[in-house]
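Colleague: Quick one: the structure is below, and I'll ask about it shortly.
The values are calculated or read from the model by the stated rules, or taken from the named source; none is laboratory data. Every value quoted in this text rests on a predicted model; they were computed, and no experiment measured them. Note that we place each Cβ from the backbone using ideal geometry, even for glycine, and neighbour counts take in every protein chain shown.
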Amino acid sequence: MTSQVSSPTTPDRPVLGEQRKPAKETRKLDRVVIRFAGDSGDGMQLTGDRFTSETASFGNDLSTLPNFPAEIRAPAGTLPGVSSFQLHFADHDILTPGDAPNVLVAMNPAALKANIGDLPRGAEVIVNTDEFTSRAMGKVGYAASPLEDGSLSAYAVHPVPLTTLTVEALKEFPLTRKEAERSKNMFALGLLSWMYHRPTEGTEDFLRKKFAKKPELAEANVAAFRAGWNFGETTEDFAVSYEVAPAEAAFPAGTYRNISGNLALSYGLVTASRQADLPLFLGSYPITPASDILHELSRHKNFGVRTFQAEDEIAGIGAALGAAFGGSLAVTTTSGPGVALKSETIGLAVSMELPLLVVDIQRGGPSTGLPTKTEQADLLQAMYGRNGEAPVPIVAPCTPGDCFGAALEAARIALTYRTPVLLLSDGYLANGSEPWRVPELDELPDLRVQFATTPNHVAEDGTEEFWPYLREPETLARPWAVPGTPGLEHRIGGIEKQDGTGHISYDPANHDLMVRTRQAKIDGIEVPDVVVDDPDGQARTLVIGWGSTYGPITAAVRRIRGAGGAVAQAHLRHLNPFPRNLGEVLGRYQKVVVPEMNLGQLAHLLRARYLVDARSHTQVTGLPFKAEQLAAAIQEESADV
Amino acid sequence: MSEAPAVEHRTPGLPALSLVPKAEAKQSMKDFKSDQEVRWCPGCGDYAILAAVQGFMPELGLARENIVFVSGIGCSSRFPYYMNTYGMHSIHGRAPAIATGLAASRRDLSVWVVTGDGDALSIGGNHLIHSLRRNVNLKILLFNNRIYGLTKGQYSPTSELGKITKSTPMGSLDAPFNPVSLALGAEASFVARTVDSDRKHLTSVLRAAAAHPGTAFVEIYQNCNIFNDGAFEVLKDRTSAENAVIRLEHGERIRFGADNAKGVVRDRATGDLRVVDVDASNEDEVLVHDAHAATPTTAFALSRLADPDTLHHTPIGVFRSVERPVYDALMSEQLEQAVEQHGKGDLAAMLAGNDTWTVVG
């Protein structure tokens, strides 16, 4: 490959990380997993975000896993209050945030205790010694200091008085001690930026913008950040720094940025509206982890985007459905509990056959469950969670960046077939991020639709009429006639309608016909065939997944192949209808293994539909699969083939 | 297509409908009758309301295709099927939410919600109060018959305490809502009450509601002759009505009864309202109705005059009609403001963001 990654920096901007080459020994690594962990008030998510941006602009491939409690400020120093951010970056393409951190930054005893169990022997641990007071240690059950009792002897521990050093570095600033202490995360970020040769000017720009209204805070944070960098450079405790080269071969040519799933999904919705030439209307009620889509779309009113923060989940989808009737590209965004509340309105949209996107950012359930943790246990709710026969197409993105394309695809189906569509993302995709190739505008699909403008039926007496349920023969879609169109006045609703005319009908044969027709419309949706990755054609086991497990499953499959094993892989983006070739694909393999973050919902659908002996491998920890464990599980399932 | 295309179609005198295109030809009541057979019980008060609405619509002179009726579930909610306009018969209680999305995204439409006491005040109570507080450009017609009709006769949230029904054989236990009080408490900018059988009064209230910019709330007392027959008889019988009904007219003293012998005055001690016999000594103390009062205090006090059991001293007419910012207008202004501030949305710039790097093949 002759590809070359260039930094995004404008030519005249100096790059601190390159300008000031570390004088110490430098080792080259092909990949690193770092985890920042601290109290939920310590700014760990921000620290992780900044390190991610530095890493993205350096040209590494990366994958992130933010992990935080549902409480905004859980009691300080406690285990439930620990917030962490894991980042995996490499000089080659990677698929997951990494199984185990090579480096843990622990801002307090709780962060150490909550995370140390995930570290392999030999991992580096940077601890903020200032926080290891007997009271703080007692709070999480450390009888003796783990920094002194030898319990960390398996790790390379760097004890750093982060708080003291930060306060010392900021003593010239007109800040209280408490204010100065708050910059300790930037000190830690500076230190890690030194360790891994990250470009730093992006972070300095960011801090100056973020604190534009308080320049002294901006400069204090920049000073803390630089002090951390300089500390790494000068202190003897850090003898080595590391280089992870840009992932030159991992990316096809193009312009790249870092993007999270919720951001990509928001952009996908705005783009779909532009490509459909329809105004975007979002009706939504705040819910974790979907609220960021409401926030993001609210920032794009200059695209003609209307965002409506409703009084509840039902009003959110209701307003969206009203806007769909009026000719908008209508969307409602929520998580699993919200889908439950919206079910009746989704059924109404099925009956009225109007386009509507229902975005479910899945989280741990049932009920309130684990609001900030990931799970993919709403598949059967999406598939069946309504009264009556109410089929709804389902699209599921497989990576954070794929949320963009999945939103466009969901819009295509909704608009073409005049149906509500469920888009199933999850907390891991929503908050995780990865490099994303920014699409060229001419690559985007044409989603324009034709509203009905003229009568479509001639009555026996010769008068022209509009029949709202007279369908296009190919798609079975009914005409979309929006208010304001003269001559097409019609009434629709949730009561069963007569085929064609749309009048209320209680006729038994008509109901049977309408139920079957609605099902046939969804079954007939054109979706791409599923692609099987089976390099040498020797595999007897197929691993098949859907949604956000794409990264871990693909990483696991690589491990197996790397160790000489043969396993085929397929991943579903369309869950309803399934790709037409799916039955044939499943039939080619002696074993079908289905890893899912639920208790086997896709496996259930596959078994029922295709009568295959699909084997479930499930995990519902609120966290994504780890590649190594998954590889072992797949090998075990396929051992007797 | 979301914005009203036609400034030249502006309807003068109707600020609420200024963006709605006008009909090209003169309309008649017949134009608003759909081809569907009306299926309410014979004798139902809904027939009178339907006739009044169909008869009133030509007066607005709006393009029929720009009128939408949205309903929930219940007897009254079959209403859209009988109007030859666009219509949606949705799900129980949700009509105000659905209509909000439609009205907020299509300012060129005249959007009407038809609902009942169960639909609007029980299962859909939340959507009702929030649409009132938002002041979306909607006209809400609440047919109040103080009973559940379509489910065959259970008590409703406006039924009098102790109501004997199939679900309450020993009498209902919960105090009723007063819909007018509720709407006033929910920050409604237009609140009125009328009666199904009084075509002239009903039409005058519809006229005022249609002209109101923002959410107009109209409670229509409606007789269910099957499950709650005669619920409003005291307001309809010529003799009893004289002392039971208080007709509110903006700018007029609030007097009623035979020879206008009764009047509403403010009790100086409590500030509350009460009914007195009017004579020369207190004539000047009789309250002058001000529907445009800055605060809803007096309108609320008026709404409390009626006895929930006997319906004596029931005011009808427009309690309150004030102008305040309309949600959908504000929403449109924000879109325009965003374009002024940031320019029209640039898709390529949005997708790229501020932090990109280039990979050269």
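Colleague: Is region B:45-66 home to any residue that is of a type in the set (A, V, I, L, M), at pLDDT 95 or above, crowded, with 24+ Cβ neighbours inside 10 Å and part of a helix (DSSP H, G or I)?
Modeller: yes
Colleague: Condition first: surrounded by fewer than 24 Cβ atoms within 10 Å (Cβ to Cβ) and either of a type in the set (Lys, Arg) or in contact with a strand residue (DSSP E or B) (Cβ under 8 Å, 6 or more places away or on another chain) (or both). Now tell me which residues in region A:382-392 satisfy that.
Modeller: Passing the criteria: A:MET383, A:ARG386, A:PRO391, A:VAL392.
Colleague: Here's another thing I want to ask about it. Please go through region B:337-355 and pick out each residue that is surrounded by fewer than 12 Cβ atoms within 10 Å (Cβ to Cβ), over 18 Å from A:GLY401 (Cβ atoms), at the interface with chain A (Cβ under 7 Å from one of its Cβ atoms) and among the small types (Gly, Ala, Ser).
Modeller: B:GLY343 - this is the single residue of region B:337-355 that is surrounded by fewer than 12 Cβ atoms within 10 Å (Cβ to Cβ), over 18 Å from A:GLY401 (Cβ atoms), at the interface with chain A (Cβ under 7 Å from one of its Cβ atoms) and among the small types (Gly, Ala, Ser).
Colleague: Now for a separate question. Answer yes if at least one residue in region A:602-615 is out of contact with any Cys (no Cβ under 8 Å at 6 or more places or on another chain), without any contact (Cβ under 8 Å) to a residue 60 or more places away in the chain and at positive phi, and no otherwise.
Modeller: yes
Colleague: I've got another one for you. Name the residues in region B:25-44 that are of a type in the set (Asp, Glu) and either modelled with pLDDT of 95 or more or buried (at least 18 other Cβ atoms within 10 Å of the Cβ) (or both), would you?
Modeller: Our first condition is that a residue be of a type in the set (Asp, Glu); within region B:25-44, this holds for B:31, B:35, B:37.
Within region B:25-44, just B:ASP31 meets the criteria.
Colleague: Give the residue that is farthest from the other protein chains (Cβ to nearest Cβ), with candidates limited to residues of region A:319-341 that are within 20 Å of A:LEU415 (Cβ to Cβ), part of a helix (DSSP H, G or I) and not aromatic (Phe, Trp, Tyr).
Modeller: Taking the candidates together, the pick is A:ALA324.
Colleague: Just to check your reading of the model, which residue among A:ALA570, A:ALA556, A:ALA603 is modelled with pLDDT of 95 or more, under 26 Å from A:PRO391 (Cα atoms) and assigned to a helix (DSSP H, G or I)?
Modeller: A:ALA603
Colleague: Further, regarding this structure: Name every residue in region B:159-192 that is part of a helix (DSSP H, G or I) and of a type in the set (Gly, Ala, Ser), in order of residue number.
Modeller: B:SER181, B:ALA183, B:GLY185
Colleague: For the condition farther than 16 Å from A:THR47 by Cα and of a type in the set (A, V, I, L, M), what is the one hit in A:LEU191, A:LEU152? Spell out the reasoning first.
Modeller: Details: A:LEU191 fails: farther than 16 Å from A:THR47 by Cα.
One residue alone meets the criteria, A:LEU152.
Colleague: Restricting to region A:500-525, and then to whatever is closer than 14 Å to A:ALA477 by Cβ and among the charged types (D, E, K, R), can you tell me which residue is nearest to the other protein chains (Cβ to nearest Cβ)?
Modeller: A:ARG518
Colleague: Still on this structure, I have one more. I need every pair where a residue in region A:572-591 that is farther than 14 Å from A:ALA410 by Cβ and of a type outside the set (Gly, Ala, Ser) has its Cβ under 7 Å from the Cβ of a residue that is surrounded by 21 or more Cβ atoms within 10 Å (Cβ to Cβ) and at pLDDT below 95, sequence separation at least 6 or different chains.
Modeller: What qualifies is A:LYS591/A:SER638.
Colleague: Same structure, new question: For the structure I just gave you, tell me whether A:VAL482 is within 14 Å of chain B (Cβ to nearest Cβ) and in contact with a Phe, Trp or Tyr (Cβ under 6 Å, 6 or more places away or on another chain).
Modeller: Considered against the rule, which asks whether it is within 14 Å of chain B (Cβ to nearest Cβ) and in contact with a Phe, Trp or Tyr (Cβ under 6 Å, 6 or more places away or on another chain), A:VAL482 comes out as yes.
Colleague: Counting only residues that are hydroxyl-bearing (Ser, Thr, Tyr) and farther than 27 Å from B:PRO157 by Cβ, give me the helices (runs of 4 or more DSSP H) lying completely in region B:230-323 with at least 1 of them.
Modeller: B:238-244
Colleague: To continue, here is another question. Collect the residues in region A:359-372 that are hydrophobic (A, V, I, L, M, F, W, C) and either within 14 Å of chain B (Cβ to nearest Cβ) or surrounded by fewer than 23 Cβ atoms within 10 Å (Cβ to Cβ) (or both), keeping them in residue-number order.
Modeller: Passing the criteria: only A:LEU370.
Colleague: I want to confirm something. Restricting to region A:407-446 and keeping residues that are of a type in the set (Asp, Glu) and part of a loop (DSSP other than H, G, I, E, B), which single residue is surrounded by the most Cβ atoms within 10 Å (Cβ to Cβ)?
Modeller: Of everything passing the filter in region A:407-446, A:GLU440 is surrounded by the most Cβ atoms within 10 Å (Cβ to Cβ).
Colleague: OK, next. Among the residues of region A:260-298, which ones are at the interface with another protein chain (Cβ under 8 Å from one of its Cβ atoms) and either in a helix (DSSP H, G or I) or closer than 26 Å to A:PRO371 by Cα (or both)?
Modeller: A:TYR267, A:VAL270, A:THR271, A:ARG274, A:PHE281, A:GLY283
Colleague: Could you say whether any residue in region B:245-258 is under 21 Å from B:CYS75 (Cβ atoms), modelled with pLDDT of 95 or more and either in contact with a helix residue (DSSP H, G or I) (Cβ under 8 Å, 6 or more places away or on another chain) or crowded, with 20+ Cβ neighbours inside 10 Å (or both)?
Modeller: No: zero hits.
Colleague: How many residues are surrounded by fewer than 19 Cβ atoms within 10 Å (Cβ to Cβ) and either over 17 Å from B:SER77 (Cβ atoms) or small (Gly, Ala, Ser) (or both) if we restrict to region B:142-171?
Modeller: Final tally of qualifying residues: 12.
Colleague: Pick out the one residue from A:ALA70, A:ALA74, A:ALA90 that is modelled with pLDDT of 95 or more and under 26 Å from A:THR374 (Cα atoms). Spell out the reasoning first.
Modeller: Numbers: A:ALA70 fails: modelled with pLDDT of 95 or more; A:ALA74 fails: modelled with pLDDT of 95 or more.
On inspection, the qualifying residue turns out to be A:ALA90.
Colleague: If B:PRO96 meets every condition in (1) free of Cβ contacts under 8 Å to residues at least 40 places away in the same chain; (2) not in a loop (DSSP other than H, G, I, E, B) apart from one, which number is that one?
Modeller: Just one mismatch for B:PRO96, condition (1).
Colleague: In region A:299-309, how many residues are facing chain B (nearest Cβ under 7 Å) and within 12 Å of B:ALA104 (Cβ to Cβ)?
Modeller: Of the residues in that region, 2 qualify.
Colleague: Would you mind stating whether A:GLY268 is at pLDDT 95 or above and buried (at least 24 other Cβ atoms within 10 Å of the Cβ)?
Modeller: Values: at pLDDT 95 or above: yes; buried (at least 24 other Cβ atoms within 10 Å of the Cβ): yes.
It is true that A:GLY268 is at pLDDT 95 or above and buried (at least 24 other Cβ atoms within 10 Å of the Cβ).
Quick grid of which residues meet (1) under 19 Å from A:MET383 (Cα atoms); (2) among the acidic types (Asp, Glu):
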{"site": "A:GLN601", "(1), (2)": "yes, no"}
{"site": "A:ASP613", "(1), (2)": "no, yes"}
{"site": "A:SER616", "(1), (2)": "yes, no"}
{"site": "A:GLY622", "(1), (2)": "no, no"}
{"site": "A:ALA632", "(1), (2)": "no, no"}
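Colleague: Shifting gears a bit: Give me a count of the residues in region A:102-128 that are crowded, with 21+ Cβ neighbours inside 10 Å and either in contact with a His (Cβ under 9 Å, 6 or more places away or on another chain) or of a type in the set (S, T, N, Q) (or both).
Modeller: So the answer is 6.
Colleague: Go through (1) closer than 21 Å to A:GLY327 by Cα; (2) touching a residue at least 60 places away in the same chain (Cβ under 8 Å); (3) facing chain B (nearest Cβ under 10 Å) and name the single condition A:VAL438 misses.
Modeller: All conditions pass for A:VAL438, except number (1).
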